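Some notes on the structure that comes next.
The values are calculated or read from the model by the stated rules, or taken from the named source; none is laboratory data. Since we're looking at a predicted model, the values are computed, not measured. For neighbour counting, all protein chains shown are included, and Cβ atoms are generated from backbone atoms with ideal geometry for every residue, glycine included.
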Amino acid sequence: MGLPTLPGDWLAHGRVRIRQLLLLRALGEERNLRRAAGRLNIAQPAATRLLRELEESLDVILFDRSMKGMSPTVYGEAMIRQANVVLADLDAARNEVAGLAAGSSGRIHVGTANSIAPLLLSRALARVKSQRPGLDITVHEGNSEPIIAALARGELDLVLGRAIPGASAPGLRYELLFREEFRIVAGPKHRLARAKRLTLADIVDEQWILPPESVPMRQQLDLLFIEATGRKPKNPIESVSVLINQTLLQEAPLLCSLSAAAAERFARQRLMTILPVRFSALALPVALITREAGRPSPAVGALLDAIREVARDRAS
């Protein structure tokens, strides 16, 4: 069956109902109609009817049925993804109305990829919180792929992450803020802490703390070392935790790559030393990532504006 051209008032005529969206979300997680119906507290025949009516209105098959359960078709995957976004937006609307009624200004779930521009987000959060103290803000930190996937599912309101060419997900908007430069740092007692000038060859065989190989910064750093020395650092401690890395630099003769802004701040506090090795080629894009569909709530809009303002202040 081909996908028909639906009338513009398709939703207004009740072709899709909230309960059907809830059923799609449950089926996406359970892959079993009986268990999905149980989550909605409805009988299985009622769930079957809801799904059949939705498939008939769309004129496509959303799930392949088998003895092992139900597997979403390509149409089913699309509808599950969009159902999650719609339900998340409805939850956000409910939370915002409840927050306003209680004298608050709403709730925000913001995602940030590990180690990306930590000072930018911290300053933006502080700025928006001073303007709107009633905001409830939750920060979710993790690897880029799951954080961006959570945004696409509607679980997050915005993400501060990397704008990697060719890696953008459908339905998401990437707004480039700036390119983040990196520095090589060591603990203040490291034997290289007082060096006047260093090359990549001088530091390639040192002990290192580095992000996992899947992280773009690690990939670019490895490439720079290979181009300059024919090899890359061996047997590093793999960590993206700024707190753990900072502690490790105090405890062991290790080197680490850190964003320029964070490195300069730690250096001013004498917690680490920036080594005199410049990486003009090691600069990665920082992007503000949002969903294309829908308009941000006033609370989310305030944080988006604060992030842009801090980014502009940083560049000036």
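In segment 141-150 there is no residue that is within 14 Å of the chain's Cα centre (by Cα) and farther than 29 Å from GLU29 by Cα. Of all positions in segment 186-198, at least one carries a residue that is in the same structural domain as THR273 (by TED's automatic domain parsing), closer than 22 Å to PRO236 by Cβ and in contact with a Lys or Arg (Cβ under 9 Å, 6 or more places away or on another chain).
Scanning segment 126-146 for residues that are modelled with pLDDT of 90 or more and either in contact with a His (Cβ under 7 Å, 6 or more places away or on another chain) or under 23 Å from GLY294 (Cα atoms) (or both) gives VAL128, ILE137, THR138, VAL139, HIS140.
For every residue, the table says whether it meets (1) more than 16 Å from LEU177 (Cβ to Cβ); (2) in contact with a helix residue (DSSP H, G or I) (Cβ under 7 Å, 6 or more places away or on another chain).
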site: SER241; (1), (2): yes, no
site: CYS256; (1), (2): yes, yes
site: ARG278; (1), (2): yes, no
site: LEU288; (1), (2): no, yes
site: ARG291; (1), (2): yes, yes
site: GLY301; (1), (2): yes, no
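So is ALA152 touching a Gly at 6+ places or on another chain (Cβ under 9 Å), aliphatic (A, V, I, L, M), at pLDDT below 95 and within 22 Å of VAL286 (Cα to Cα) or not? Judged against the criteria, ALA152 is a match. Can you pull out every residue in segment 274-305 that is within 21 Å of SER115 (Cα to Cα) and under 18 Å from the mean Cα position of the chain (by Cα)? Those that are within 21 Å of SER115 (Cα to Cα) and under 18 Å from the mean Cα position of the chain (by Cα): LEU284, PRO285, VAL286, ALA287, LEU288, ILE289, THR290, LEU303, LEU304. Scanning segment 233-277 for residues that are in contact (Cβ under 8 Å) with a residue 60 or more places away in the chain and among the basic types (Lys, Arg) returns ARG265, ARG270. β-branched (Val, Ile, Thr) and outside any loop (DSSP other than H, G, I, E, B) - does that describe any residue in segment 191-202? Checking segment 191-202: not a single residue is β-branched (Val, Ile, Thr) and outside any loop (DSSP other than H, G, I, E, B).
Identify, from the list ILE209, ILE147, the residue that is surrounded by 17 or more Cβ atoms within 10 Å (Cβ to Cβ) and part of a strand (DSSP E or B).
ILE209
Exactly one residue out of ALA252, ALA263 is within 25 Å of LEU125 (Cα to Cα) and either in contact with a strand residue (DSSP E or B) (Cβ under 8 Å, 6 or more places away or on another chain) or in the same structural domain as ALA150 (by TED's automatic domain parsing) (or both): that is ALA263. Checking segment 262-271 against the condition returns a match, with at least one residue being part of a helix (DSSP H, G or I) and in contact with a Lys or Arg (Cβ under 7 Å, 6 or more places away or on another chain). Scanning for something under 27 Å from LYS129 (Cα atoms), among the hydroxyl-bearing types (Ser, Thr, Tyr) and more than 21 Å from the chain's Cα centre (by Cα), does segment 233-241 turn up at least one residue? No, that holds for no residue. Within segment 282-316, being among the basic types (Lys, Arg), loosely packed, with under 15 Cβ neighbours inside 10 Å and in a helix (DSSP H, G or I) holds for ARG308, ARG312.
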